[in-house]
Structures are given as structure tokens and as C-alpha cells.
Amino acid sequence: MGLNLAQKIIRSHLVGGSMEPGAEAALRIDQTLTQDATGTMAYLEFEAMGIDRVRTERSVAYIDHNTLQSGFENADDHRYIQSVAKKHGVWFSRPGNGICHQVHLERFGVPGKTLIGSDSHTPTAGGLGMLAFGAGGLDVAVAMGGGAYYINMPQVIRVELTGALRPFVTAKDVSLEILRILTVKGGVGRIIEWGGDGVKTLSVPERATITNMGAELGATSSIFPSDEVTRAFLSAQGREADYVPLAPDPDAEYERVIAIDLSALEPLIACPHMPDNVVPVRSLKGVKVDQVCIGSCTNSSLYDMLKAAALLKGRTVAPGVSMSVSPGSRQVLTMLADCGALTDILSSGARLLECACGPCIGMGFSPNSGGVSLRTFNRNFEGRSGTRDARVYLVSPETAVASALTGEITDPRSLGLDKLDVQLPTRFRVDDSAILPPASPMEAAQVEVLRGPNIKAVPEGRPVSDCIEAELTLKVGDNITTDHIMPAGAKVLPYRSNVPKISEFCFEVCDKTFAERAKAAGQSILVGGVNYGQGSSREHAALAPLYLGVRAVIAKSFARIHAANLINAGIMPLCFADPADYDKLEQGQTLRIADIYAGMDSGEMILEAGQLRIPLRCAFTERQKAVLKAGGLLNYTREESL
């Protein structure tokens, strides 16, 4: 039996464990990336390990999230990251140089290599044939130190593409179609591998849009083959030497094959407040639009921007619409300026934002109260935009522009145009002057790491004891995201390097009293529904509960990255053996879990709630048991290195 593409890369990087589905596999990591919302903590954790220099082939620190400098906090974090990167062997992409995933695709991604990043959309690099994973900052810190990255060996789903996209139907619509088919839970425990004759009709930026949004499926990763389209992109970036052809074996096997005829798709839109709430754009014709945003790591490539500019040329944004454009990188912005497309964008009345994540994470450009915002982003979780009652829809750049021009949700095919004649250049404008190299090993000793007053130490985990008795301080429902647990936005993000302060905002979206109550309780247990912790890789969604005394989370099911982050923090993720038992628990009850060590081994525990005895299940590997008993991955790593 042949190997699929994901299995080939995993096999070539396997340093421990097994490739049996569900078994723990330890992978050698070639590259890492961080961004500033998660990076400060990742580098504090790296420093705490006592390792002098990174041991990867390439590690890059990007500044792209916390770029709104309304106080000293974000600027201090940037200064810290720049200095710690220089000292320890990490390349540093300066503020304004672009969004980590876009820049990494342009300048550093290599087919066949492994990449983990402290951002859930790191699988964007799968558009180049990399096997890339989103992970918590501590997992990235361990990989930078030369440690393995552990995953439960995923099943692989193949998506067989045929045909070609029709005019005004885009890669974003392909992403929304697979979300419609699989939902935000359908990719959990799986890698999505894209193949078929239709693949060759998609450019690397289009492929990257699709792998980027694989994160919304809950997938471990998403990947395309590396072919002549890949070679052409790398050649245009001056990196043809990085090209490696990669494809699955002809007799490769998959858990499931999903067929999508590209020529049968139409423009799609994800309605509030989930990326899988997908309907045809035409079905919402006439809905008034207040705001349109084009950008984010999903749709900010030069290809996307050129299409938006072509539609805007000679036209004006409707009077009632506020429109922003955020190019994904300095390369994209300068090439838009060079060819005149930037003038077409600005002349339409659109506002130009810097090359950063910006509105996608609620960092500025929030909608008006109760407003309808169409965004080319990847997530439309409630409140993520910075406006609690906004209605956020996810669309392609073409649908976004069409709607901005008319002032209402509009199928771009109704504009009366045959097609957009937009081509990728055969040569991109390469200027890496904003990517700073690290100091040499000889120079590193002289580099001073600069720390501002908002930068606090990493919270220490506590070893899991054999018995936990604690209050159920919060019960929440299905599809609780990391934005619910630890909100982003301009108000909260500046405290990412200060866990005591940021913990004050924990679960603010669900219950404004939670942080105060949890801290008063001393230690507590949380209860959730299906797909608990979906969304971002932000480990603060585990570190803040850790600081507030949370010892265990019991849910119907967990998102992969968040479950790993909880274990890394020394918090047990446990599942109801019978999901119906969720209904038997009430907030405020005293809960007790005894014989935990034996339960870790057997995979079964009993939750006592008064007279109730509720069976729980877990599936911890031997390593995960050791991590929990050590009080988290940082303590475990220290002990292992002694």
C-alpha cells in the first residue's frame, strides 16, 4: 500500500512513536514561526528552558498582531522579541513587514519541510507543500530548543478537485464549500489533503487560502502537492532552489474521499457567527452592508489585492459603506504601488491599513453598533471584531468589493463583467531588508534582552494530584472558542505578556464575573460542550485559567490545539463518557475526582457531584501523563533536560 502525501512527510520526520492512526507520533521540526500576540510568552518559555540558541533550520519571529501602539505595552513586547530573537538565533520580521503566514509563504516556506507556529493558521504553508501545524507557544519553544512536536497520528481525508473555477468564484468559495460539507468539527483528528486534476488550475496564493481555512475545520493540517505551479511561485520569489516535487503514491489510501467539482461552485458566504454557517451569496441579496474589510492571512496576497483593485478601478464605494484594505505584506503593498493598483484602491474611497492582522483580531476598524460587516477573513466568531452585536460575514474579495460598491450583499457575477484579467507576476519584488538576521553565536553573548514593566514571568504549573475537589465555577455550551475563553482585541492584546493582568478578561464574553469568582475559589473545574476550545492556538486560553486555579476542564469533546495547550499548562482535559451527563451538572456545584493516577492509566475516571457518579474518559499518552504529573510541559522539559 502506497503512502499519501501527509504520511510521506511524517515518515521522513518521525523521531518517535508510531504512524498508526490515533497513536502518538513525535516529529522533527524544521522551521518555527511566532507572532507577537503569542510570541512574547513563547520566548519567555524558551528562556526558562535555559537553551542558548535555537536548533531548527529556520525560526522566524513576526510582528503582525499587536501593532496598535496606544500605550507602551505593545512597543515593549516588540522590543523584547527583537532582542531575544537576536540573542538566540531567530530571524525577526519588523512591524509593517507583513502577516506571518503571508511573509513565510513568500520568503521561507519549503515543500516537504515541517513547520509549527504559535498561530492556528500556520497550515497556510501547506499551500506550498509544507506539513505545517498550529501549536501553543510552549510547543513552539520546545521545538526551537530541538525537541520533538507530538501529535496523535491523524487520519487523512482527500479532497478530489475536478474542473476549474468559473469567473468570480474563488478559492475562498472552495474553503467555504468544504466547511459546509464537514463543519467546524469535521476536521478534528484529520489532515486534509487536496488533490485531483483541478489542483493544477489553482495558484499557490489560492491554495494557501484553502489551507489557511482548514484551521476552521479543526483539522490538524491541510496540504497541497508540490508541482510545477509551486515551482513557478518559488521561482518568481527568487527561491527556485527550494523547490521539491511532492505527490502521494498512486495507490495511497485515505479515510475518506470528498469530490468537489470546481466548475459547479458559486460565490458563497458564511453567516454569523460560525465559519460553517454557509449559504450562497445570492440568497442574501439586498441585505444592507455597513462595513467591508479585505485582508487577513486568508485573502491578502498580491493576487487577491489585484482582483480587488481591478473591480474598484473607476468605481466608488457606496456612501453608507466603510471599507478597509490590508495588504498581507510589504512585498504586496509595494507591488500594488508599482503597478498603479494602489491608486485604484485609494481612489475608490477605501481606507488603506498597514500590512498586519488588524481588524481580523479586533485590532482596530471595528464595525458600528449592530453593523453588518463583510470580511475576507477566516473567522466570524461573536464579538471577535471588537463590536459585540456586529453581524460578521465571511466572503471572497470579489464578493466583498461587489457589496461595497452596491451597499448591500451582492453576488459579484451580477456586476455585468465577463471576468477579471489578473495574472501573477513572473517575478516578485524581493526586498528582505525588514527581516533582520540574528546575531552570530560569537556576538550573541553581548546582546542584551530588553524587558518592559508589563512583561511578567511565565506562570508556574502545579502537578496534578491524585484527587481534586473543587467548585464548578463555569458551565458553557457547544463550540466555545478561544475568543470566548481569552478575547483578543485592542483592549486585551497588550497584556499578552502579563498573565496576571490578562486573566482578568478570562471568559469575559460568557460571564464577566468568572475571573473574580475563580480566583476567590482557589481551585475550580470548568464544564463545556462539543468542540470546546476551537479557534486560535493562543495558549493564553490555558495559561489564564491556570493562573485562576482551574485544575480540570470536562467537555463533550475538545479542539486539538486547545486540549494540547491545557495539558501543557498542567490542566486535565476530560470528556464525558456519556455526553448526556453534561445536563446533570450545574454551575456552583462541588465536584470531586478521585484516583486520578489510576484513571490516567485506565482511561476512565469517576466524577462525583453530590450523589451523582458520572463516568469520564481520557486518552493520555505516557508522555502526557508525565507532563500532567510534572505540572506542565515547562516543568517536564526542565526535568527531562537535567
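The values are calculated or read from the model by the stated rules, or taken from the named source; none is laboratory data. Note that the structure is a prediction, hence the values are computed from the model and not measured. All Cβ positions, even for glycine, are placed from backbone atoms using ideal geometry, and neighbour counts span all protein chains on display.
Can we say residue 222 is modelled with pLDDT of 95 or more and outside any strand (DSSP E or B)? Reasoning before the result, please.
On the way: modelled with pLDDT of 95 or more: yes; outside any strand (DSSP E or B): no.
No; evaluated as a whole, the condition is false for this residue.
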(message) If I ask for residues that are closer than 25 Å to residue 26 by Cβ and without any contact (Cβ under 8 Å) to a residue 40 or more places away in the chain, which ones from the range 577-618 would you list?
(response) 599, 600, 601, 602, 603
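Which one of these is more than 26 Å from residue 637 (Cα to Cα), outside the structural domain of residue 217 (by TED's automatic domain parsing) and surrounded by fewer than 24 Cβ atoms within 10 Å (Cβ to Cβ): 555, 521?
Numbers: 555 fails: surrounded by fewer than 24 Cβ atoms within 10 Å (Cβ to Cβ).
Among 555, 521, only 521 is more than 26 Å from residue 637 (Cα to Cα), outside the structural domain of residue 217 (by TED's automatic domain parsing) and surrounded by fewer than 24 Cβ atoms within 10 Å (Cβ to Cβ).
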(request) Would you mind stating whether residue 489 is among the small types (Gly, Ala, Ser), under 28 Å from residue 188 (Cα atoms), assigned to a loop (DSSP other than H, G, I, E, B) and over 20 Å from the mean Cα position of the chain (by Cα)? (result) no
(request) Could you pull out the residue among 204, 257 that is surrounded by 23 or more Cβ atoms within 10 Å (Cβ to Cβ) and either at pLDDT 95 or above or on the phi > 0 side of the Ramachandran plot (or both)? (result) 204
(message) Anything in the range 568-589 that is surrounded by fewer than 24 Cβ atoms within 10 Å (Cβ to Cβ), of a type outside the set (Phe, Trp, Tyr) and in a helix (DSSP H, G or I)? List them, or say none.
(response) 579, 580, 581, 583, 584
(message) Just checking, does the range 355-365 include any residue being surrounded by fewer than 21 Cβ atoms within 10 Å (Cβ to Cβ) and outside any loop (DSSP other than H, G, I, E, B)?
(response) no
(request) Please enumerate the residues belonging to the range 415-472 that are over 30 Å from residue 88 (Cβ atoms), outside any loop (DSSP other than H, G, I, E, B) and of a type in the set (A, V, I, L, M, F, W, C). (result) 415, 468, 470, 472
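Search the range 490-515 for residues being of a type in the set (Gly, Ala, Ser) and touching a helix residue (DSSP H, G or I) at 6+ places or on another chain (Cβ under 7 Å), and hand back the single one that is modelled with the lowest pLDDT.
In the first step, residues of the range 490-515 are kept if they are of a type in the set (Gly, Ala, Ser); the result is 490, 497, 503, 515.
Those still in the list that are touching a helix residue (DSSP H, G or I) at 6+ places or on another chain (Cβ under 7 Å) too: 497, 503, 515.
Working: 497: 91, 503: 96, 515: 96.
The residue in question is 497.
Could you please give the count of residues in the range 7-40 that are of a type in the set (Val, Ile, Thr) and in contact with a Gly (Cβ under 8 Å, 6 or more places away or on another chain)?
Initially, the range 7-40 is screened for residues of a type in the set (Val, Ile, Thr), giving 9-10, 15, 29, 32, 34, 38, 40.
Okay, now just the ones that are also in contact with a Gly (Cβ under 8 Å, 6 or more places away or on another chain), so 9, 32, 34, 38.
So the count comes out to 4.
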(request) For the range 528-536, indicate whether the set of residues that are at pLDDT 95 or above, among the aromatic types (Phe, Trp, Tyr) and surrounded by fewer than 24 Cβ atoms within 10 Å (Cβ to Cβ) is non-empty. (result) no
(message) Every residue in the range 421-450 that is surrounded by 12 or more Cβ atoms within 10 Å (Cβ to Cβ) and more than 27 Å from the chain's Cα centre (by Cα), please.
(response) 422, 425, 429, 439, 444, 447, 449, 450
(request) Go through (1) surrounded by fewer than 24 Cβ atoms within 10 Å (Cβ to Cβ); (2) among the β-branched types (Val, Ile, Thr); (3) at pLDDT 95 or above and name the single condition residue 550 misses. (result) (1)
(request) Give me the pairs, please: first residue somewhere in the range 458-469 and more than 22 Å from residue 498 (Cα to Cα), second residue anywhere and of a type in the set (Ser, Thr, Tyr) and not in a loop (DSSP other than H, G, I, E, B), beta-carbon distance under 6 Å, and either six or more positions apart or on two chains. (result) 466/597
(request) Output the number of the condition that residue 56 fails; it satisfies all remaining conditions of (1) in contact with an Asp or Glu (Cβ under 7 Å, 6 or more places away or on another chain); (2) β-branched (Val, Ile, Thr); (3) buried (at least 24 other Cβ atoms within 10 Å of the Cβ). (result) (3)
